[in-house]
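> Following this message is one structure expressed as C-alpha cells.
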Amino acid sequence: MGWTANDVSAASPVVLGSELDFVVFIRLGNNAPVIFQYNSQMSFEIECTMAKHFHVNTPLLESTSMSKRVGTTVYLKMENSQPSGSFKIRGIGHLCQQLATQSKGVVCSSGGNAGMAAAYVARKMGLPATIVVPSSTPQLVHQRLKDQGATVKSVGKVWDDANAEALRLAETEELTYVPPFDNPLLWQGHATMITEVAASLGPSGVKPGAVLVSVGGGGLLCGVIQGLKDVGWTDVPIIAMETVGADCLNAAVKAGRVVTLDDITSEAKCLGAKTVCKKAFECSQRSELTIISELVTDQQALQAVETFLDEERVLVELACGASLAAVYSGLIRRLQDEGRLPTVLGPLLVIVCGGSSIDMKQLANLKHKLKT
Ligand code: PLV
C-alpha cells in the first residue's frame, strides 16, 4: 500500500471495535483522514492506545461526615461517576466484549441502569441496541437511553415482564442478549471495582471492615464476592441492602430457598427483580463469606439520597439510597450492638452504585409519593 512508518505514527486512532478488528482514522499530512479497517492479517503493526474496557477507574473518597456517624472511616467507591452513571458498565462492557463483537446488535432488559450501560457500550462498539424496560421506568431514563442512540421498548409492569420480551427479541431478531445481573461475565466485570479498591488501600495495609452493597437481582453482590475472593479479602463481611417491597434476596434468605415475590411494591424500581439469581442466594448460604441481608424502607432510602446530596453533593437514585441508608439510619450501629459486626470495625467500604433514574423533578415526585 506504500504506507511508511512515519505516516502511521502520524495517525490519530479512534478505536471502534475489539482488539483484533477495529477501525482507525489515519490523517496523512493535511489530507482528510482515511478510514482504515485493521485486522491481525495486516503486514505492519500500528501502535495505538486500545480501549481495554469501557468503564473508568472510579475515585475512592473518604467521607468525614459518614465516618463521624459510624465511628470508623467510611470509603465511598464512586461508581456513580462511570460514563453510564452506574457500576453496571463494568460487567456489561466485559460481557459485550466477550459475546458481541460479531453481533448484529444487542438487546437488554433493564430497570434502567443496565440498559444505560448496554446502550453506551453498543454505541462505542458501533452496534444497534434495543433496551426493554418495564412501565415503571421513568420517562427521563427513556430519554437518556435514546440520547445514547438506543431503541427503547416499554413492556409489562416489572423487569421480569420486560426480560421475557428481551429474550424473545434475542431469539427472533438474532440479537445478543445482555442480562442485567445473572451471568458470570457480569460478575467478573463488576469484580474489578474491588481490585481497584485493593490497589488503592492495599499498599498502606488497610483492609475494609465491611462492604455495603445494594441488591436487585444480585449481580453486584456476586461481583463484589468475586472481587473479595480475587484479592484475598474473604473474611470481609458484606452487608446486602434491599428496600421493603424489592426484597427478593431477603425473602430467599428467610425462606431458605430462592423464592419469587408476588410484586414489586418498592419505588426503588432498579432493585425490582422478583427473583434473586441462584448464585447470589447460594453464596448467602455458604459459610465461606459472611453476607448480612438487611432491609430499609423506601422512606429511609429517600432520606439517605437527600442527606447524601446535602453532605456529599452527589445525586444518586433510590436503589443506591438503600445502601447509604445503612449508614444514615443507624443500621451499622445496630449490627454492632447485636454482635453481627465487630464493635471495633475496620473501614466501611460503601459501593455508591449510582443510577440514572433521578433528577430534581424525579426527586420531588418521590418525596410527594413517599410523603417525606
Ligand atoms: N439494576 C438493574 C436491575 O433492575 C437494571 O436493570 O438496571 N444499584 C443500581 C443503581 C442498579 O441499577 C441496580 C440494578 C442495583 C444497584 C442492583 O444490582 P443487581 O441487580 O446486580 O443486584 C431490575
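> Given a cut-off of 23 Å, name the pairs among Lys52/Lys77; Lys88/Lys278; Lys124/Lys153; Lys88/Lys369; Lys124/Lys278 whose C-alpha atoms lie farther apart than that in the structure shown.
Working: Lys52/Lys77 21 Å; Lys88/Lys278 19 Å; Lys124/Lys153 21 Å; Lys88/Lys369 27 Å; Lys124/Lys278 31 Å.
Cα-Cα > 23 Å for Lys88/Lys369; Lys124/Lys278; rest within.
> Can you say what percent of the DSSP beta bridges in the chain, counting only those with both residues inside, are antiparallel? Round to 5. Could the numbers behind the result be given before it?
Values: 11 of 40 bridges.
Of those bridges, close to 30 percent are antiparallel.
> Also: Simple spin-label model, 7 Å along Cα-to-Cβ: Thr172 to Gln143 in nm?
3.1 nm
> Right, another one. Taking the inverse of the average 1/r across all pairs of different Cα atoms in region 300-362, what Kirkwood radius in Å do you get? Could the numbers behind the result be given before it?
Working: mean 1/r = 0.0804 Å⁻¹.
Every distinct Cα pair counted, the radius reaches 12.4 Å.
> Just the Cα atoms of the chain, one point each, no solvent: what log10 I(q)/I(0) does Debye give at q = 0.06, 0.08 Å⁻¹?
-0.24, -0.42
> Which of rounded, prolate or oblate describes region 206-345 when judged by the alpha-carbon gyration tensor and an a/c cut-off of 1.5?
oblate
> Over the chain, with a Gaussian network built from C-alpha contacts below 10 Å, which listed residue (Gly115, Gly272, Gly245) shows the highest mean-square fluctuation?
Gly245
> Could I ask something else about it? Which far-off residues, 5 or more places away or on another chain, put their amide H under 5 Å from the one on Ser214, with H placed in the peptide plane?
Residues meeting the criterion, in which the H sits 1.01 Å from N, are Met241.
> Based on alpha-carbon centroids, what's the gap between region 123-137 and region 305-329 in Å, whole number please?
A separation of 27 Å, based on Cα centres.
> Mind checking which aspartates and glutamates have their Cα closer than 18 Å to the Cα of Lys229? Skip sequence neighbours fewer than 8 apart in that chain.
Glu196, Glu282, Glu288
> Go through region 77-84 residue by residue and turn each phi into a ³J(HN,Hα) via Karplus (6.51, -1.76, 1.60, θ = phi - 60°); whole Hz please, and just put x for glycine and proline.
3J(HN,Hα) across region 77-84, in whole Hz: 8, 7, 5, 4, 8, 5, x, 9.
> Specify whether the C-alpha gyration tensor of region 107-189 places it in the rounded, prolate or oblate class, a ≥ b ≥ c being the square roots of the eigenvalues: rounded for a/c under 1.5, otherwise prolate if a/b is larger than b/c and oblate if not.
rounded
> Cross-link partners among lysines for Lys371, C-alpha distance below 24 Å, same-chain residues fewer than 8 apart left out?
Lys157, Lys269, Lys361
> Restricting to DSSP H runs of at least four residues, report the calculated mean residue ellipticity at 222 nm for the chain, -39500 (n - 2.57) per run over all residues, nearest 500 deg cm²/dmol.
Details: 15 runs with 149 residues, N = 372.
Calculated at 222 nm, the ellipticity per residue is -11500 deg cm²/dmol.
> List the GluC sites (Glu not before Pro) within region 301-372 that DSSP assigns to loop and that have no more than 10 neighbouring Cβ atoms inside 10 Å. Walk me through the numbers before you get to the answer.
Working: sites: Glu306, Glu311, Glu312, Glu317, Glu338; in loops: Glu317, Glu338.
Filter output for region 301-372: Glu338.
> Moving to a separate point now. By DSSP, what percent of the beta bridges with both residues in region 61-193 are antiparallel, rounded to the nearest 5? Kindly include the intermediate steps, with their values, before the conclusion.
Working: 3 of 14 bridges.
Approximately 20 percent, going by the DSSP bridge assignments.
> At 0.36 nm per residue, and after removing the present C-alpha to C-alpha distance, how many nm does the segment from Arg334 to His368 gain when stretched out fully? Present the calculation step by step, with values, prior to reporting the outcome.
On the way: separation 34, 0.36 × 34 = 12.24 nm, distance 2.93 nm.
Full-extension gain reported as 9.3 nm.
> What is the packing order of peptides 229-240, 84-95, 68-79, 176-187, taking the mean over residues of other C-beta atoms within 10 Å and listing the highest first?
Working: 229-240: 17.9, 84-95: 29.2, 68-79: 20.1, 176-187: 23.1.
With the highest mean Cβ count within 10 Å placed first, the list reads 84-95, 176-187, 68-79, 229-240.
> How big is the convex hull of the Cα atoms of region 210-289, per residue, in Å³? Could you put the intermediate results ahead of the total?
Values: hull volume 6.1 nm³, N = 80.
Cα convex hull per residue, to the nearest whole number: 76 Å³.
Each reported figure results from applying straightforward, stated rules to the coordinates on display, with no laboratory input. Keep in mind that this is a model prediction, so the values were computed, not measured. For neighbour counting, all protein chains shown are included, and Cβ atoms are generated from backbone atoms with ideal geometry for every residue, glycine included.
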